[in-house]
Amino acid sequence: MNTYQSIADTQDRVGESPVWDGRAQRLWWVDIEGPFIRCCTPGSAEAVLSWRMPERVGCIALTADQGQLVAAMESGIACVTLNPDGHVDLQWLARTAHPAAGMRFNDGRCDASGRFWVGTMVMDMSLASAQGGLYCLDERGLTGPHVTGMLTPNGLGMSPDGRTLYLSDSHPKVQKIWAFDLDLASGELSQKRLFVDMNDWPGRPDGAAVDAQGQYWICANDAGQIHAFNAQGQWTQSLTLPMPKPSMCAFGGPAYDRLFVTSIIPAPSVNSPGTCSGSVIALDPGVRGMPEPVFSRFPVNFDIF
């Protein structure tokens, strides 16, 4: 097992969407089922701060204002202000009419031009319903789906030059990762191709991160590992983790050389829940990541001030 440090033992039911804010040297993440947004400053005496949300939050993104985040929830995407007293102020950026009942937003990430890409899914994965899709929020509002037929969209990541978008479907019936060409000027996706078939590897492809050299690091849910693949989709290494269900990873720390990993508490039937299930941990992967792009392309009818 790789050497790790426990960052926050928050017992998250579904920890997800770690995002490193280099301006404040702070890590943000969510517990989807809490539902909470949380943050902490690793290495400090500061306690973990938590804000209870009115809906499940699938993912978050930074904005230019350190007091605000963008949160993709069940019924839409909102700009959230997290107040010191625990109160949350919401300003909706986009509402959506999902094509089926029981859906929510799931994994998401900003591209280099400040757009927010986010997937949707049917929450009951046992239904294996392909009603999910990939959407984009920018000055036009919420557009899409730009990719259809998704069961559990996950694994969003961007290449260092911003011109390749990665997307996985982590559902047991799919377990594949694709790459797309991304036109940063227009926001158009093209040239969908299979990047990695995770059916050939331990674990399901959950959340991901891309390092400065272009390696794609994917959490292998149910396998307790993270796999790294180069830009050609070739395996380079795997990290063994102290939990069976790692959910998403993010590079951070002052030099972006730490890999923060959120996790899920397994079902009670799992014999080996791991020592850190529901916690956030940090590892030293031997490579560096990149600062996370912030969301900047607010819909034209939204007044950020």
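One table, with the values for the structure above:
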item	result
Relative contact order of the chain, defined on C-alpha pairs under 8 angstrom at six or more residues apart (%)	18
Anchor LYS173: aspartates and glutamates whose Cα lies under 15 Å away (excluding residues fewer than 8 positions away in-chain)	ASP124, ASP197, ASP200, ASP206, ASP222
Gaussian network model of the chain, Cα within-10 Å springs - most flexible of PRO244, PRO54, PRO172	PRO54
Debye equation applied to the C-alpha atoms of segment 182-259, log10 I(q)/I(0) at 0.13 Å⁻¹	-0.44
Cα-based convex hull, segment 168-219, per residue volume (Å³, whole number)	95
Within a Gaussian network of the chain (alpha carbon springs, distance under 10 Å), most fluctuating of PRO268, PRO145, PRO242	PRO268
Efficiency of FRET between THR143 and GLN5 - r from beta-carbon atoms, R0 30 angstrom, step 0.05	0.15
q = 0.16 Å⁻¹, the chain: log10 I(q)/I(0) [Debye, one scatterer per Cα]	-1.38
Set of aspartates and glutamates with alpha-carbon distance to LYS192 below 15 Å, sequence-local pairs under 8 removed	ASP169, ASP181, ASP183
Ordering of 112-118, 295-301 by burial proxy (mean other Cβ atoms within 10 Å per residue, highest first)	112-118, 295-301
The chain: most fluctuating residue of ASP183, ASP124, ASP107 per GNM, C-alpha cutoff 10 Å	ASP124
More than 18 angstrom apart: percent of Cα pairs within segment 86-235	56
Distance between modelled label sites at GLN191 and THR240, nm, 7 Å Cα→Cβ extension	3.9
At q = 0.10, 0.11 Å⁻¹, base-10 log of I(q)/I(0) for segment 1-121 (Debye sum, equal scatterers on each alpha carbon)	-0.30, -0.36
For segment 251-259, 3J(HN,Hα) per residue [Karplus equation, 6.51 cos²θ - 1.76 cosθ + 1.60, θ = phi - 60°, Hz, x = Gly/Pro]	7, x, x, x, 10, 6, 10, 10, 10
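Read the figures in this text as sums done on the coordinates, not as results from a lab. Computed from a predicted structure; not experimentally measured. Because the Cβ atoms are built from the backbone with ideal geometry, glycine has one as well, and the counts that use them run over all protein chains shown.
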